[in-house]
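Everything below concerns the one structure shown next.
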Number of protein chains: 2
Amino acid sequence: MGPYPGWLPTSEFTRVLAGIGGTGDRCAAFAAMCRVNTLYAVMRAGSGHLGSSFSAADIVSRLLLAELRRPFTADGDLYFSSKGHDVPGLYAAMIGLGVLDEGLLHRLRRLGGLPGHPDVRTPWMPFNTGSLGMGVSKAKGLILGDRIRGRSRRVFVLTGDGELQEGQNWEALAGAAHAGLHELTVLVDHNKLQSDTWVRDVSDLGDLVAKFRAFGWGVLRCDGNDSAEVGGALRERADRFGAGPAVIIADTVKGAGCALFAATSMPEGEWRYRYHSGAPALSEYLIAHEQLVTAADEVLARHGLDPLRPVGTDLPRRAAGTAPRLPQVYGEALTALAATDERIVALDADLLLDTGLIPFAEAFPQRLVECGIAEQDMVSMAGGIASAGLLPFVHSFSCFLHARPNEHIYNNATEGRRIVYVGSLAGVLPAGPGHSHQAVRDVAAVGAVPGLLVLAPAGPAQVRAAVGFCATAEQSVYLRLESTPVPAEVAALRHPVPAPGHGVVLRPGGRTVALGAGPLVLGQLLRAADVLAAEGVDLTVVDLPWLNTVDPGWLGRLAGEADRILVVENHLGHGGHADTVARALLELDLPEPPRLRGLGVTGVPVCGTDDEALHAHGLHAEQLAAAVRAWPSSPAADRQPSRPTRRS
Amino acid sequence: MGPYPGWLPTSEFTRVLAGIGGTGDRCAAFAAMCRVNTLYAVMRAGSGHLGSSFSAADIVSRLLLAELRRPFTADGDLYFSSKGHDVPGLYAAMIGLGVLDEGLLHRLRRLGGLPGHPDVRTPWMPFNTGSLGMGVSKAKGLILGDRIRGRSRRVFVLTGDGELQEGQNWEALAGAAHAGLHELTVLVDHNKLQSDTWVRDVSDLGDLVAKFRAFGWGVLRCDGNDSAEVGGALRERADRFGAGPAVIIADTVKGAGCALFAATSMPEGEWRYRYHSGAPALSEYLIAHEQLVTAADEVLARHGLDPLRPVGTDLPRRAAGTAPRLPQVYGEALTALAATDERIVALDADLLLDTGLIPFAEAFPQRLVECGIAEQDMVSMAGGIASAGLLPFVHSFSCFLHARPNEHIYNNATEGRRIVYVGSLAGVLPAGPGHSHQAVRDVAAVGAVPGLLVLAPAGPAQVRAAVGFCATAEQSVYLRLESTPVPAEVAALRHPVPAPGHGVVLRPGGRTVALGAGPLVLGQLLRAADVLAAEGVDLTVVDLPWLNTVDPGWLGRLAGEADRILVVENHLGHGGHADTVARALLELDLPEPPRLRGLGVTGVPVCGTDDEALHAHGLHAEQLAAAVRAWPSSPAADRQPSRPTRRS
């Protein structure tokens, strides 16, 4: 209980559903109530996707309340969202129906709670989505699997509209028609906005009806915020297109159901939709909450039901924070450099804001190539731009940039093109969005690309230097940028980016050396060194920002002053920093090499608060200090293995 | 000079072009002559893509002779092929026009010669293609780069029809229309056959005209083996669709221009087209050569020109070879297992023959999912199939499988699905197709995927055991299969697949241990051990088939019997076998760890014969023996680095 209007328990949903007879009003009230709980959960979590959960709420309500056969049973029809970031709305609906524990509503984006994107560990969640464009393919596989096993379920997949820019969708559509997958219905949440702005301004979808038709699908269109229209379209789908797959293009409003968040309320001339992700301000929360409860109460009143009784709540206070973030520093540095270096062209895949490119877009619109959510096209285009004598900087979240166009980065390298790849949101933090957004394999996945240096700058000073390095280096560079606020210890660092393969001693100490890169690891290591210093244990902390190369001369000198080296990395164990250093250290062929251990992420990264994730993966300063303490001061004399080495 | 009819020197093309006035006949004669030289070059190389070079020959001839403005000049119009495997035909045309040295005709797929797929190191080749689906994106980038620089060139891109199954094409098409890229013309070599069989049977393209139109492109259609029709379509393209990008769907016949190779000559009921890749038999060569020369001579005669005078040639003799190949052994083993294990489902991306799946396809057509050239769709479908309680085995060449669906493999892993990925054609051999087909980053790129074991079996016995392991393991497996003939030493091995992380001593020797995996490395190491043994040097050879994990207990025992360990890998230096072993070795925390060195591929893998590539990358037995000889018997006492450690 607390001072603010909060959440609706499952019992309220039960009361309302029992008290309303008609499908239309049941869906309308249910959807409004789901929006209340979505708002509450996102507000408590401090982040999450409101706009998209709201645009889809009427579709989801209609499907779950009136259309699916035996949803949430082993053999029932399946619904899932391919875009996945609308999952807070789905959680709210599942809690409303009592198939998910209402206590989880308070644990959105928390460890052991409800992940920021769908995950199969949540009851009744069929797939991990949120990596865009995979949903239709997964549904196809499930249906073919069912057919092989002699089963039959209908599968309903929601996609975004911006999501349709991903080429995989068109791969998937072709085969589905070919195989006559009548079990499959795709609903497009056609809210016309992708993460920051209008789909038509990013990469226009053109005539979507004609596209689906050309790919052999049955196509219908309806108002996706009108439950009756959604129901009608689903009936028509069965009647007219029963022999194959069909799509319902559901025209929706992003943020629908609440005047404050609705895209239709955007001021004239405003390009940016502000409620795609992140929690609203408290004042906005209170307005929206009231709008939503009022909308529901109007329906309830028509059926003689008492108004909703949301449980009062406190809400966590969050300081705005003034710590710098690397992508923003990066974007300003790139923009400054581009004023004098006319070769620089920036490519983006629908993440202008989050990759720090807004200043560049405003200053050099003619040198910005917005590719939409089409990373493969973007990276191959960068190869073409480089072939025209320019210097492309290619941007996305690192989770996508290292993986979706992985073959394309290699292909560009085989041409010897000079290209700079800038992957932001790198590493295990923020942990709220979950594993689809946590780039913890990127160093491994691109580290072997010939001629590509992987560079992880620590703080603002290093980021600025790194931009200059990228522009003048002979090699291509993958710039690995973490996006969480830079810790004060790291923000204060003034050392430049050292030569490739070289590191910088940040804190001289004893012959135990901790080596790392990037703000998370270096911040935690500097704190761990403080903890240990208080105990009289000296720890040397070294920034080696090069993740796939080590200079043997530099390493040899470091090794001469070290008895043991701890490599800590914001990455899984294989193919990352620790492997690189270990191999290089052994190949120095020293008579008495220092001992080495690596510590990094193990297993699938967890979803939770940053602090929860740091602790879960053993990367918190206290844990790093404990690891140093627990490391025996001399090698295992009996040659027994000290720990397992399967590291991912 | 030699006994067989051979190649046409540039002077013959010059004579013919000078002697024929009309565009149609010039193109017809030129195309036929290009086919002669294509046939010769592929025959000499022993492999290469005839069918596709022939289907495109009339389009290429028309473009180069009559349509492009100043081709092969710095500011002239550009033509390139996105599918790329038709490049022998393009080389022939460039040699005919004298812009490429005719001597290179004898060096197709040879080191320093003409690569098996296009490469920018060849004069006038704008891009590295052959990784399908990238061409339209590259052309877009080039055009945007030109615009930024205030230049303008028209760009003509040839794609395959099967190639259009790749989702990237549809990413690229959308943006091109959005940006009004009037400089861009795509020609689809619509020969209706992909690598083995008919496109319609693999993944039907449906109404291709409607698809391109729906994506906002101008669309025309013509007979692509009729030069006049191609020219007419290009004029109409300029007249009708001058404001944006346009596509010409050029209907062609695979193997056109030569009755023997033409798909129209395929026997009734035959599903497999036999001339997609590979050299013909000598008897076929002679027939085809005569058909082609006759076709050209008919045109020449109409213009009063003397018949063609091909230079006589010898031709290399190639033994058929009876050595086993791992994909074929694998396919038989999988088929046998599937008879008793009904969970097994095989997914393929248009490489049934090359991944060994023909027996499976014949025995279990209902459990084969043919996805077409759509690797992302395939891997996500596998996740769906696994979610239905089945066990998917997912197949492609490793160069594609580890990279194109890289994010999808990770996504499946985050769901905890059990899936077996089978990447054939792994490693640096065969080196003839070139870097697009040489998977030398796969261990790095998938090695960090949580819960995924990377396993490289050595010979037939290990492949059979590996199939059993994959079906029963608790973890997912990436099976890395080399496709070249297995050396006799390795084919004779009878050891089973050891437990994960364990290795097997193949040849006991002294305290110098060479460790590797797969037929190439183990074959060369066993031969190197013979070479060294003759000199009195003992070398222990160990098969460690697990590429991303080492059992510390096993490694500890090996380390106890080793002074130095040489890790040899068919892979680039980062994130592979040597890194894995080095890290594990150091983390054993031994008082006196053995010394370690890694040897593997460095840089972009070369195109050439297998022997040329082995030598170029230092992986030949003689070179491995030399590396052991040259390794000082004691560590560098002065702690100076022994060699650079930037390894890729």
request  = Working carefully through the options A:ALA256, A:ALA238, A:ALA279, A:ALA262, find the one that is within 19 Å of A:ARG62 (Cα to Cα) and surrounded by 16 or more Cβ atoms within 10 Å (Cβ to Cβ).
outcome  = A:ALA256
note = A:LEU164: passes all of (1) facing chain B (nearest Cβ under 7 Å); (2) surrounded by 24 or more Cβ atoms within 10 Å (Cβ to Cβ); (3) closer than 23 Å to B:GLN168 by Cβ but (1)
inquiry  = Looking at segment B:391-411 only, could you name the residues that are assigned to a helix (DSSP H, G or I), within 18 Å of A:GLY175 (Cβ to Cβ) and open to solvent by less than 10 Å² (accessible area, probe 1.4 Å)?
reply    = B:LEU401, B:HIS408
task = Tell me which residues, restricted to segment A:323-359, are among the aliphatic types (A, V, I, L, M) and touching a Cys at 6+ places or on another chain (Cβ under 7 Å).
result = A:LEU347, A:ALA349
ask   = Only one of (1) open to solvent by 10 Å² or more (accessible area, probe 1.4 Å); (2) under 25 Å from B:ARG151 (Cα atoms) is not met by A:VAL379, so which one is it?
value = (1)
inquiry  = For segment A:1-45, which positions are open to solvent by 10 Å² or more (accessible area, probe 1.4 Å) and of a type in the set (Ser, Thr, Tyr)?
reply    = A:TYR4, A:THR10, A:SER11, A:THR14, A:THR23
inquiry  = Looking at B:GLY356, B:GLY331 in this structure, which one is touching a Gly at 6+ places or on another chain (Cβ under 8 Å), free of Cβ contacts under 8 Å to residues at least 40 places away in the same chain and surrounded by 16 or more Cβ atoms within 10 Å (Cβ to Cβ)?
reply    = B:GLY331
query = Here are some conditions: (1) surrounded by 18 or more Cβ atoms within 10 Å (Cβ to Cβ); (2) in contact with a strand residue (DSSP E or B) (Cβ under 7 Å, 6 or more places away or on another chain); (3) more than 9 Å from chain A (Cβ to nearest Cβ). B:ARG213 meets all but one. Which one does it not meet?
reply = (3)
ask   = Quick one: which of B:ASP543, B:ASP563, B:ASP538, B:ASP551 is open to solvent by less than 10 Å² (accessible area, probe 1.4 Å) and among the acidic types (Asp, Glu)?
value = B:ASP543
key: Count - residues of segment B:553-572 that are under 36 Å from the mean Cα position of the chain (by Cα), outside any strand (DSSP E or B) and at the interface with chain A (Cβ under 7 Å from one of its Cβ atoms)   = 0
task = Identify all residues within segment B:365-390 that are at the interface with another protein chain (Cβ under 10 Å from one of its Cβ atoms) and either at pLDDT below 95 or outside any helix (DSSP H, G or I) (or both); write none if there are none.
result = B:VAL369, B:GLU370, B:CYS371, B:GLY372, B:ILE373, B:ALA374, B:ALA388, B:GLY389, B:LEU390
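Table: residues versus (1) over 16 Å from A:CYS399 (Cα atoms); (2) assigned to a loop (DSSP other than H, G, I, E, B); (3) of a type outside the set (D, E, K, R); (4) under 22 Å from the mean Cα position of the chain (by Cα).
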{"site": "A:ALA444", "(1), (2), (3), (4)": "no, no, yes, yes"}
{"site": "A:ARG464", "(1), (2), (3), (4)": "yes, no, no, no"}
{"site": "A:ALA471", "(1), (2), (3), (4)": "yes, no, yes, no"}
{"site": "A:GLU474", "(1), (2), (3), (4)": "yes, yes, no, no"}
{"site": "A:VAL477", "(1), (2), (3), (4)": "yes, no, yes, no"}
{"site": "A:VAL486", "(1), (2), (3), (4)": "yes, yes, yes, yes"}
{"site": "A:GLU489", "(1), (2), (3), (4)": "yes, no, no, no"}
note = So the helices (runs of 4 or more DSSP H) completely within segment A:198-298 holding 2 or more residues that are in contact (Cβ under 8 Å) with a residue 12 or more places away in the chain and over 30 Å from the mean Cα position of the chain (by Cα) are A:227-240
message = Is it the case, given these coordinates, that B:THR294 is modelled with pLDDT of 95 or more and β-branched (Val, Ile, Thr)?
response = yes
task = Scan segment B:591-598 and give yes if some residue there is facing another protein chain (nearest Cβ under 10 Å), part of a strand (DSSP E or B) and of a type in the set (A, V, I, L, M), otherwise no.
result = yes
message = Of all residues being in contact (Cβ under 8 Å) with a residue 60 or more places away in the chain and under 25 Å from the mean Cα position of the chain (by Cα) in segment B:334-353, which is nearest to B:GLU166 (Cα to Cα)? Just the residue, please.
response = B:ASP350
ask   = Mind checking which residues of segment A:137-161 are within 8 Å of another protein chain (Cβ to nearest Cβ) and either open to solvent by less than 10 Å² (accessible area, probe 1.4 Å) or not aliphatic (A, V, I, L, M) (or both)?
value = A:SER137, A:LYS138, A:ALA139, A:LYS140, A:GLY141, A:LEU142, A:ILE143, A:GLY145, A:ASP146, A:ARG149, A:ARG151
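Here is a yes/no grid of residues against (1) at the interface with chain B (Cβ under 9 Å from one of its Cβ atoms); (2) of a type in the set (Asp, Glu); (3) open to solvent by 10 Å² or more (accessible area, probe 1.4 Å):
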position: A:THR414; (1), (2), (3): yes, no, no
position: A:ILE419; (1), (2), (3): no, no, no
position: A:VAL428; (1), (2), (3): no, no, no
position: A:PRO433; (1), (2), (3): no, no, yes
position: A:VAL443; (1), (2), (3): yes, no, no
position: A:VAL449; (1), (2), (3): yes, no, no
position: A:LEU455; (1), (2), (3): no, no, no
position: A:ALA465; (1), (2), (3): no, no, yes
remark   = Picked from segment B:167-185 (must be hydrophobic (A, V, I, L, M, F, W, C) and assigned to a loop (DSSP other than H, G, I, E, B)), the residue nearest to the other protein chains (Cβ to nearest Cβ) is B:ALA179
Of all residues in segment B:599-613 being of a type in the set (Val, Ile, Thr) and more than 7 Å from every other protein chain (Cβ to nearest Cβ), the one that is most open to solvent (accessible area, probe 1.4 Å) = B:THR602
key: Unique residue being farther than 21 Å from B:GLU284 by Cα and crowded, with 24+ Cβ neighbours inside 10 Å when the list is B:ASP77, B:ASP101, B:ASP58   = B:ASP58
ask   = What is the residue count in segment B:295-324 for residues that are touching a Leu at 6+ places or on another chain (Cβ under 9 Å) and surrounded by 14 or more Cβ atoms within 10 Å (Cβ to Cβ)?
value = 8
note = Exactly one of A:ALA514, A:ALA499, A:ALA528 is in a helix (DSSP H, G or I), outside the structural domain of A:TYR421 (by TED's automatic domain parsing), over 28 Å from the mean Cα position of the chain (by Cα) and on the phi < 0 side of the Ramachandran plot, and that one is A:ALA528
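The values are calculated or read from the model by the stated rules, or taken from the named source; none is laboratory data. What you see is a predicted model; the values in this text were computed from it and never measured. As a convention, Cβ positions derive from the backbone with ideal geometry for all residues, glycine included, and neighbour counts pool all protein chains shown. Please note that ligands, DNA and RNA were not included when accessible areas were found on the heavy atoms of the full protein model with its side chains. Shrake-Rupley method; radii C 1.70, N 1.55, O 1.52, S 1.80 Å.
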